[in-house]
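Colleague: Dumping the structure here so I can ask a few things about it.
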């Protein structure tokens, strides 16, 4: 599944790679056309353009991430208007002994409704007791994704994109063979992470949600890895 925001990260990488490649070619052309002292002068200007392109690419990646982080912060706020009558199924006095299949059905029904998903996940945490045949409880294989889970996945992809930006700027190998860009966020290798965030299409629905100011800062502690310490970033 393609994600619109992770797709934006990849588009930024492709655009930056194309700029860097063109500027590299200009540097080589200047070396061929001009005496060394003139070539150095012209290439200093080209290298300044390269530094600016690098900075712009990193800023663009950060801007996309901050946008997503804001949407997810809004989505993380519990909204009574998002509750439905199905919440009664998960009341302590409902009288239902829900099967894992029952719960999975409601999880699927409420994808994108993070208030209902939070209610269901809290119910699962309360009722998922160890029992015979289930070391961690019969609901152990039910996966419920909340905004806090998704923001960490977006961070991994954004960190990865920043790491590739650094390599485009400093590593000639990736300029000769840009496979790392081509396979960025490849579903065959990052399928589980992509499944966690889905298409991302529903996030813009939370853009204009009215939430307390403090809620907007829910994920302020989730920051992208800086250039100085991103050598060990996992690259999806």
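Colleague: Examine the stretch 164-185 for a residue that is closer than 28 Å to residue 117 by Cβ and assigned to a helix (DSSP H, G or I), and state whether such a residue exists.
Modeller: The answer is no, given that none of the residues of the stretch 164-185 is closer than 28 Å to residue 117 by Cβ and assigned to a helix (DSSP H, G or I).
Colleague: Restricting to the stretch 31-45, count the residues that are surrounded by fewer than 19 Cβ atoms within 10 Å (Cβ to Cβ) and touching a helix residue (DSSP H, G or I) at 6+ places or on another chain (Cβ under 6 Å).
Modeller: Matching residues across the stretch 31-45 total 3.
Colleague: Checking the condition over 23 Å from residue 121 (Cα atoms), free of Cβ contacts under 8 Å to residues at least 60 places away in the same chain, in the same structural domain as residue 20 (by TED's automatic domain parsing) and surrounded by 13 or more Cβ atoms within 10 Å (Cβ to Cβ), which residue from 190, 185 passes?
Modeller: 190
Colleague: Of all residues in the stretch 128-156 being closer than 13 Å to residue 99 by Cα and in contact with a helix residue (DSSP H, G or I) (Cβ under 9 Å, 6 or more places away or on another chain), which is modelled with the lowest pLDDT?
Modeller: Checking each candidate, the answer is 137.
Colleague: Looking at (1) more than 30 Å from residue 81 (Cα to Cα); (2) touching a strand residue (DSSP E or B) at 6+ places or on another chain (Cβ under 7 Å), which is the one condition that is false for residue 180?
Modeller: Failed condition: (2).
Colleague: It is to be established whether one or more residues within the stretch 135-157 are at positive phi, surrounded by fewer than 17 Cβ atoms within 10 Å (Cβ to Cβ) and in the same structural domain as residue 92 (by TED's automatic domain parsing).
Modeller: yes
Colleague: Still on this structure, please answer the following. Do we find a residue being in a helix (DSSP H, G or I), free of Cβ contacts under 8 Å to residues at least 24 places away in the same chain, surrounded by fewer than 18 Cβ atoms within 10 Å (Cβ to Cβ) and in the same structural domain as residue 18 (by TED's automatic domain parsing) anywhere in the stretch 61-69?
Modeller: yes
Colleague: Quick one: which residue in 117, 88 is outside the structural domain of residue 12 (by TED's automatic domain parsing), under 26 Å from residue 193 (Cβ atoms) and part of a helix (DSSP H, G or I)?
Modeller: Step by step, each of 117, 88 is checked, and only 117 is outside the structural domain of residue 12 (by TED's automatic domain parsing), under 26 Å from residue 193 (Cβ atoms) and part of a helix (DSSP H, G or I).
Colleague: Mind telling me which of the residues 71, 54, 17 ends up being at pLDDT 95 or above and either in contact with a strand residue (DSSP E or B) (Cβ under 9 Å, 6 or more places away or on another chain) or more than 25 Å from residue 183 (Cα to Cα) (or both)?
Modeller: Matching residue, one of 71, 54, 17: 71.
The values are calculated or read from the model by the stated rules, or taken from the named source; none is laboratory data. Worth saying up front: this structure is predicted, and the values here are computed from it rather than measured. Glycine also receives a Cβ, built like all others from the backbone with ideal geometry; neighbour counts cover every protein chain displayed.
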